[in-house]
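Sharing a structure, written as structure tokens. Questions coming.
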Amino acid sequence: MRSELESARALIGEVASSFAELPAEGGGSEVDGPLGWAGYGDALADAAERTGERESVVCGVAEIGGVTAVVIAFEFGFLGGSLGTRTGHRIEQAFTLARELGVPVVSLVATGGSRMQEGTPALTQLQRIARQLALTREAGLPHLSVLRDPTTGGGWATLGAGADVVLGLRGAQVGFAGSRVRPPGYTVTQQFAVGLVDQLVPADDLRVRLERWLRLLANPLTGPAEVPAALGEPDLPATGWEAVQRARKTTRPRAEVYLGAYFDWHEPISGDRCGGIDAGVLCGFGSRDGQTIAYAAQCGTATQPAGFRTAARLVRLADRLGIPVLTLVDTPGAANDVQAEKAGIGAAIADMFTAVAAARVPVTTLLIGEGGSGGALAFAAPDRTWVTPDSYLAVISPELAAQILKRDPAQTQATADQLKLRPQDLVELGIARGITRP
């Protein structure tokens, strides 16, 4: 038996403090649908009597955590939450109203896909929905989706996977092919594991999570992010090799510590939307003194292709929503093994370089540890970078530099000095604006 929270109206009642439904207007009037499918009109009437709804979506304006949003909630009891021509019309109405009001869209998705009884006309509603997604992005408005059980077919391939932030209810079946097409169904946990879902959410935590996200997306900081204070060594290194050794200390504060000290609270996004996750890169949005800043932070490991792509996704989303970005640089370099090459490490680094370079919102960077070559520089703002006393940035590690120059390994420390990689060197060279202190 399905939980009452899987009813569209019950779920809206759980997450919203108020709700005003949009009037149901137009969208198709044929008794048996565009194909004249015998008995379809009776099936629609039965679905309406069973659920109390006239279509498979309920749309309207809601207050969630004090933020006004347009909500699109699927009623799975109405022909499996399938997408027909009237469904597409209602979803179009909802997105149009969101743009008129200048408010976010929240999609509570539970659908088996396109409606068989309406054939290809039902399928073309995916193009109609995709157009609404594109127009809403152009308007700079966020779209959050919640994947319920099940979310399959075109509903997953548009409103679900096409949202800016994707939350998945634990236990949901989520995939392009439903269980009747390719049993057993793919789960939301599996989609999360390959970078296609941002967060897994227990059903009883959904309201709080939506409130937090809408508060974050509704309150962007005006202007650049403040540079975080250094949390490690207060004194500057005397030599280049000392700078390298300090940055490599396992006891040095890492990105998680910096994010915890900087933000009052924050919510992560996860995955590159291409099938990959890099646990060594943390991305998301955080609240600081009631205002929102996006963040992309390296955690001291070699950054994988998925890490660069996830960070680039974060920067582009923040830029579109007008939210300034903070990046924390800390990596010995980009991953350079065979697997990384096959996964497109070069293209992924280029993607991040381009995202930062194209950003219209201010990007602020703090180098908090190792700064290894292009893998580190891709995360750095060219004109707004600061450094901590226990950090360095170099064209390559001193060990590899000595090797490339065919030097004796004993010359590694001298090579570190020649590379001018200390924090104070970076300021003198004009690469960093300044050195932050504890």
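The values are calculated or read from the model by the stated rules, or taken from the named source; none is laboratory data. Everything numeric in this text was worked out from a predicted model, so none of it was measured. In this analysis, Cβ positions are derived from the backbone assuming ideal geometry, glycine residues included, and neighbour counts consider all displayed protein chains.
Being of a type in the set (Lys, Arg) and either assigned to a helix (DSSP H, G or I) or over 22 Å from the mean Cα position of the chain (by Cα) (or both) is the filter here, so list the residues in the stretch 125-149 that pass it.
Going through the stretch 125-149, the residues of a type in the set (Lys, Arg) turn out to be 128, 131, 137, 148.
ARG128, ARG131, ARG137 - these are the residues of the stretch 125-149 that are of a type in the set (Lys, Arg) and either assigned to a helix (DSSP H, G or I) or over 22 Å from the mean Cα position of the chain (by Cα) (or both).
Let's see how each residue does on (1) surrounded by fewer than 21 Cβ atoms within 10 Å (Cβ to Cβ); (2) among the aromatic types (Phe, Trp, Tyr):
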| residue | (1), (2) |
| --- | --- |
| VAL356 | no, no |
| ARG360 | yes, no |
| GLU370 | no, no |
| ASP383 | yes, no |
| THR388 | no, no |
| TYR392 | no, yes |
| SER397 | no, no |
| ARG407 | yes, no |
| ARG422 | no, no |
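Considering only residues that are aliphatic (A, V, I, L, M), surrounded by fewer than 19 Cβ atoms within 10 Å (Cβ to Cβ), in a helix (DSSP H, G or I) and touching a residue at least 24 places away in the same chain (Cβ under 8 Å), which ones fall in the stretch 30-80? Let's see the steps before the verdict.
Applying the first criterion (aliphatic (A, V, I, L, M)) to the stretch 30-80 yields 31, 35, 38, 43-45, 47-48, 57-58, 61-62, 64, 67, 69-73, 79.
Keeping just the survivors that are surrounded by fewer than 19 Cβ atoms within 10 Å (Cβ to Cβ) gives 31, 35, 38, 43, 45, 48.
Filter once more, keeping what is in a helix (DSSP H, G or I): 43, 45, 48.
Result: ALA43, ALA48.
Only one residue in ALA98, ALA122 is in a helix (DSSP H, G or I), closer than 25 Å to VAL165 by Cβ and either out of contact with any helix residue (DSSP H, G or I) (no Cβ under 6 Å at 6 or more places or on another chain) or not assigned by TED's automatic domain parsing to the domain that holds GLY168 (or both), so which one is that? Before you say what the answer is, go through the steps one by one.
Working: ALA122 fails: closer than 25 Å to VAL165 by Cβ.
Selected residue: ALA98, the only one of ALA98, ALA122 that is in a helix (DSSP H, G or I), closer than 25 Å to VAL165 by Cβ and either out of contact with any helix residue (DSSP H, G or I) (no Cβ under 6 Å at 6 or more places or on another chain) or not assigned by TED's automatic domain parsing to the domain that holds GLY168 (or both).
Show the residue pairs that are 6+ apart or on different chains and have beta-carbon atoms under 8 Å apart, the first residue being within the stretch 395-407 and farther than 24 Å from ALA378 by Cα, the second being modelled with pLDDT of 90 or more and surrounded by 14 or more Cβ atoms within 10 Å (Cβ to Cβ).
Within 8 Å, the pairs are LEU405/THR415; ARG407/THR415.
Would a scan of the stretch 303-325 turn up a residue that is touching a Leu at 6+ places or on another chain (Cβ under 9 Å), surrounded by 22 or more Cβ atoms within 10 Å (Cβ to Cβ) and over 22 Å from PRO104 (Cβ atoms)?
No, that holds for no residue.
Within the stretch 275-293, restricting attention to residues that are in contact (Cβ under 8 Å) with a residue 60 or more places away in the chain and of a type in the set (A, V, I, L, M), which residue is surrounded by the most Cβ atoms within 10 Å (Cβ to Cβ)?
The initial filter retains those residues of the stretch 275-293 that are in contact (Cβ under 8 Å) with a residue 60 or more places away in the chain, namely 275-277, 285-288, 290-293.
Those still in the list that are of a type in the set (A, V, I, L, M) too: 277, 293.
On the way: ILE277: 18, ILE293: 25.
If we take residues in the stretch 275-293 being in contact (Cβ under 8 Å) with a residue 60 or more places away in the chain and of a type in the set (A, V, I, L, M), then ILE293 is surrounded by the most Cβ atoms within 10 Å (Cβ to Cβ).
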